[in-house]
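Bear in mind these aren't lab numbers, they're just calculated from the coordinates by the rules spelled out. Just so you know, these numbers come straight off a predicted model, no measurement behind them. For neighbour counting, all protein chains shown are included, and Cβ atoms are generated from backbone atoms with ideal geometry for every residue, glycine included.
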Amino acid sequence: MHIDTSAVLFRSGPPPEYEIAMADLERRAALGELTLGQARQEIFELRERLALDAGFLMQWAMRSHI
């Protein structure tokens, strides 16, 4: 039996680890501690580590800011 994890994730949002890491990135960027390139690299590595789909994350981010 195959479970569509993207549907489950879409309802609940990304894992807490992702949200915490992104909040930390935003804080560090606001303080000027990261370049745009560094932020992109850290986001890419985070998505890879958590095996999150970029399309899902964009949909979640758009809905969370409505």
Exercise. For residue 33, what is the net charge nearby, where nearby means another residue's Cβ is under 13 Å from its Cβ and Lys, Arg count +1, Asp, Glu -1?
Worked result: -1
Exercise. Once label points are set 7 Å from the Cα along Cα→Cβ at both residue 26 and residue 59, what is their separation, rounded to one decimal in nm?
Worked result: 2.2
Exercise. Taking K and R as +1 and D and E as -1, what net charge do the other residues with C-beta under 14 Å from the C-beta of residue 51 add up to?
Worked result: -2
Seminar exercise, completed: So, over other residues within a Cβ distance under 13 Å of residue 23, counting Lys, Arg +1 and Asp, Glu -1, the net charge is -3
